[in-house]
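Report on one structure; see the data block that follows.
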Amino acid sequence: NSRNEKTVAVRGFDSRQVPLFIDGIPVYVPYDGYVDFNRFSTADLAAIQVAKGFSSLAYGPNTLGGAINLISRKPKKTFEADAMVGVATGSEKQTSANVGTNQGMWYLQTGVSYIQSDGFPMSSDFIATSTENGGARNNAYRKDSKFSLKFGLTPNARDEYAI
């Protein structure tokens, strides 16, 4: 959009009417209500749920166009681990690692991720202007890091309590 932030549109509604949730907890920006979707790492996610149109009342207000819910991982095995290293255009570097354990009555999941980019290249068809000279996009650098820790109790097959 105009502030060089990633955004979404679901059936014509923007992120003010289609809010973002992490494990059912709403993510809001007090200034204008727009969340930059590029700031969220997906390395520790199990699923992304998109509810189009009418959504559950459990999501609360501002869900006129639906809701987006990021579901964090829950380990299935006694020990699980994975790691990722990647590069992309604009000298972008990405790294992440996740470690988890499921001990039957309880589980623990932890993850870390880091993304750094100096920007991204403009199209070769771009015609330079007074505010953008082409080449690499001005003011498009970013650096994001994330640490996540999830502890859960599962006393029986139907109940789960997680922090």
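The values are calculated or read from the model by the stated rules, or taken from the named source; none is laboratory data. Nothing here was measured: the structure is a model prediction, and the numbers come from that model. No Cβ is skipped: glycine too gets one built from the backbone with ideal geometry, and neighbour counts run over all protein chains shown.
Annotations for the structure displayed:
- Applying a threshold of 9 Å to beta carbon distances and a minimum spacing of six or more residues, or different chains, the list of pairs starting in segment 111-131 at a residue that is crowded, with 16+ Cβ neighbours inside 10 Å and ending at one that is of a type in the set (Val, Ile, Thr) and at pLDDT 85 or above reads Gly111/Val99; Val112/Thr95; Ser113/Thr42; Ser113/Thr95; Tyr114/Thr95; Ile115/Thr95.
- Which listed residue is small (Gly, Ala, Ser) and assigned to a loop (DSSP other than H, G, I, E, B), from Gly86, Gly90: Gly90
- Any hit, segment 98-111, residues being more than 20 Å from Ala162 (Cα to Cα) and either part of a strand (DSSP E or B) or among the hydroxyl-bearing types (Ser, Thr, Tyr) (or both): no
- Tally of residues being over 17 Å from the mean Cα position of the chain (by Cα) and within 19 Å of Ile163 (Cα to Cα) across segment 60-76: 2
- Residue identified as modelled with pLDDT under 80, over 25 Å from Gly119 (Cα atoms) and surrounded by 15 or more Cβ atoms within 10 Å (Cβ to Cβ) among Asn69, Asn102, Asn62: Asn62
- Restricting segment 112-121 to residues that are of a type in the set (Gly, Ala, Ser) and part of a strand (DSSP E or B) leaves a set whose member that is farthest from Lys77 (Cα to Cα) is Ser117.
- Taking the criterion of being outside any strand (DSSP E or B), closer than 27 Å to Ala140 by Cβ and either of a type in the set (Asp, Glu) or at pLDDT 75 or above (or both), the residues of segment 32-59 that qualify are Asp32, Tyr34, Val35, Asp36, Phe37, Asn38, Arg39, Phe40, Ser41, Thr42, Ala43, Asp44.
- Pairs, first in the same structural domain as Ala162 (by TED's automatic domain parsing) and at positive phi in segment 74-99, second among the hydroxyl-bearing types (Ser, Thr, Tyr) and part of a strand (DSSP E or B), C-beta under 8 Å, six or more apart: Gly90/Ser117; Ser91/Ser117
Table: residues versus (1) within 9 Å of the chain's Cα centre (by Cα); (2) without any contact (Cβ under 8 Å) to a residue 24 or more places away in the chain.
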position: Ala9; (1), (2): no, yes
position: Tyr31; (1), (2): no, yes
position: Tyr34; (1), (2): no, no
position: Phe37; (1), (2): yes, no
position: Ala51; (1), (2): no, yes
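- Of the residues making up segment 66-84, those that are within 30 Å of Ser15 (Cα to Cα) and of a type in the set (A, V, I, L, M) are Ala67, Ile68, Leu70, Ile71, Met84.
- Among residues of segment 142-161 being surrounded by 14 or more Cβ atoms within 10 Å (Cβ to Cβ) and under 23 Å from the mean Cα position of the chain (by Cα), the one that is modelled with the lowest pLDDT is Arg142.
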